[in-house]
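Colleague: One structure coming up, written as structure tokens, with questions to follow.
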Amino acid sequence: MIISIMIYNESGLLAYEARFERCEINSDLVSGFVTAINQFGCELFPNNDLCDIVFSNTHLFIEPRDVAGQNVTFLVIHDVYDDQKQIEAIVDALYAEVKTKYVAEVTAKTVSPAKLAPLDAFIVNLFAKLKRKENPFACSIDE
């Protein structure tokens, strides 16, 4: 079960988020956490990339990708039982959609999540093709 999909621009600002489960996730806190862990890991292990953070029941799948010369991070928070290959396929499809239609939105200095709202429909269609049960409209909002 996927809990949340987030896209962060190069400066670490949230550009897009879809939540699939009622949970209280502070997306700014998640960004700071992932950025700090990534920087810490790169200092300790300079030849490795951060990909997964695993808690007892939750995975954070972290995939930095180049979009028009900028580092855009795709983050999928999911339970540990989810198929990792399918999570990678979801990120690949989302990356391809962003790279072809939303370059300006994810590389802008100021974030405008409303401009990425059409990704909701893209995800719904993608999940239908993959026969996934998550609903991106059953979500909670940051306090």
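Colleague: Computed FRET efficiency, Cβ-Cβ of residue 57 and residue 114, R0 41 Å: what is it to the nearest 0.05?
Modeller: Details: r = 32 Å, r/R0 = 0.79.
Computed FRET efficiency for residue 57 and residue 114: 0.80.
Colleague: Working out 0.36 nm times the residue gap between residue 29 and residue 129, then minus their Cα-Cα distance, what length gain in nm do you get to one decimal? Walk me through the numbers before you get to the answer.
Modeller: Details: separation 100, 0.36 × 100 = 36.00 nm, distance 3.19 nm.
Result for the pair: 32.8 nm of gain on full extension.
Values quoted throughout were computed directly from the atomic coordinates according to the rules given, and no laboratory measurement underlies them. Predicted model, so just to flag it, every value in this text is computed and none were measured. With ideal geometry, Cβ positions are generated from the backbone for all residues, glycine too; neighbour counts draw on all protein chains shown.
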